[in-house]
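J.: I'd like to ask some things about the structure below.
Just so it is clear, none of the values below were taken in a lab; they were calculated from the coordinates. Just so you know, these numbers come straight off a predicted model, no measurement behind them. FYI the Cβ positions are ideal-geometry reconstructions off the backbone, even for glycines, and counts take in every protein chain you see.
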């Protein structure tokens, strides 16, 4: 059996401050240790339940957060940014299951800890088919297009409502609960690792019983991007794929999840470029 693990940082316990999010930040070493411990727990449990091939996609920020020497050697590591399809690079129909670890709530979630979707600099909110979309939803639709079910989601408790509404077969393990954008409460690490082991075991059992499903929504996807800077919309409206709605919003449609994610990533990079341009003006 073959599993794909996409691991983010903001949804992990022990992470609540901007000082923890990127290399060079004063407390970055703390979440890296948490990430490694929880990730190795998941890899070990998957291996115990018959998964012989496990890919781990390092999926936060510059996507170089995992210490290769500390990762369980039974896993293969995908690292580096930018890369095609970001958090789900190389995820295809050869995988039996996907697991998303350390995921955070969607941009615009009340009390969501470090909430954002794909790019906090670029997007204030993303909607797909009229629904507020988190990275969990967008990446699950990509996986679903490959007929790969997301069997486990672990992260901010605020994601639980999305699982219940859109993907009730997915086993959800809350790792923390956002109290505000920059504060959260989380259980002790031993309780978290135990809950993850139990969650993985339950998810694999459901998978083997045929109770998991790929997430699939009606196509074409109708995507609305609420942007943080109107200059991004100024640039995008020159491209026929994007329809300008107002100063900060553009819309587009996509016939596949692959196309949708590709355009979202394109706009994110435009946003990064504009941010860099503004910061370079002296």
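J.: Give me the distance in nm between label points sitting 7 Å out from Cα along the Cα-to-Cβ direction at residue 202 and residue 72, one decimal.
T.: The modelled label-to-label distance comes out at 1.9 nm.
J.: With a 10 Å radius around each residue's Cβ, average the other Cβ atoms per peptide and rank 87-96, 44-53, highest first.
T.: In descending order of packing, they fall as 87-96, 44-53.
J.: Please report, in cubic angstrom per residue, the volume enclosed by the convex hull of the alpha-carbon atoms of region 2-208.
T.: Hull volume over Cα atoms, normalised by residue count, gives 110 Å³.
J.: Okay, next question. Determine the gain in length on full extension of the stretch residue 278-residue 25; use 0.36 nm per residue of separation and subtract their C-alpha separation, reporting nm with one decimal. Each step should come with its number before you reach the end.
T.: On the way: separation 253, 0.36 × 253 = 91.08 nm, distance 2.26 nm.
That works out to 88.8 nm of additional length.
J.: Go through 235-242, 258-265 and give me the packing order, highest mean Cβ count within 10 Å leading.
T.: By packing density, highest mean first, the sequence is 258-265, 235-242.
J.: How many angstrom lie between the Cα centre of region 11-51 and the Cα centre of region 214-282?
T.: Using only Cα atoms to place each centre, the spacing works out to 30 Å.
J.: Relative contact order for region 2-208 using alpha-carbon pairs under 8 Å, separation at least 6, rounded to a whole percent?
T.: 24
J.: Students often check this: by mean Cβ neighbours within 10 Å, which of 59-71, 142-154 ranks highest, and how do the rest follow?
T.: For the peptides 59-71, 142-154, the packing ranking is 142-154, 59-71.
J.: Normalised by the number of residues in region 77-199, what is the relative contact order in percent for Cα pairs under 8 Å and 6+ residues apart?
T.: 25
J.: Could you grab the relative contact order for region 83-130? Cα pairs under 8 Å, six or more apart, rounded to a whole percent.
T.: Relative contact order for region 83-130 comes out at 22 percent.
J.: When the C-alpha atoms of region 145-282 are aligned to their principal axes, what extent does each axis show, in angstrom, from largest down?
T.: 51, 37, 21
J.: Between residue 219 and residue 124, what FRET efficiency comes out of the Förster formula 1/(1 + (r/R0)^6) with R0 = 25 Å and r the beta carbon distance, rounded to 0.05?
T.: It comes out at approximately 0.50.
J.: Quote the FRET efficiency, to the nearest 0.05, computed for residue 253 versus residue 183 with a Förster distance R0 of 30 Å and r equal to the Cβ-Cβ distance.
T.: On the way: r = 38 Å, r/R0 = 1.27.
Result of the calculation: an efficiency of 0.20.
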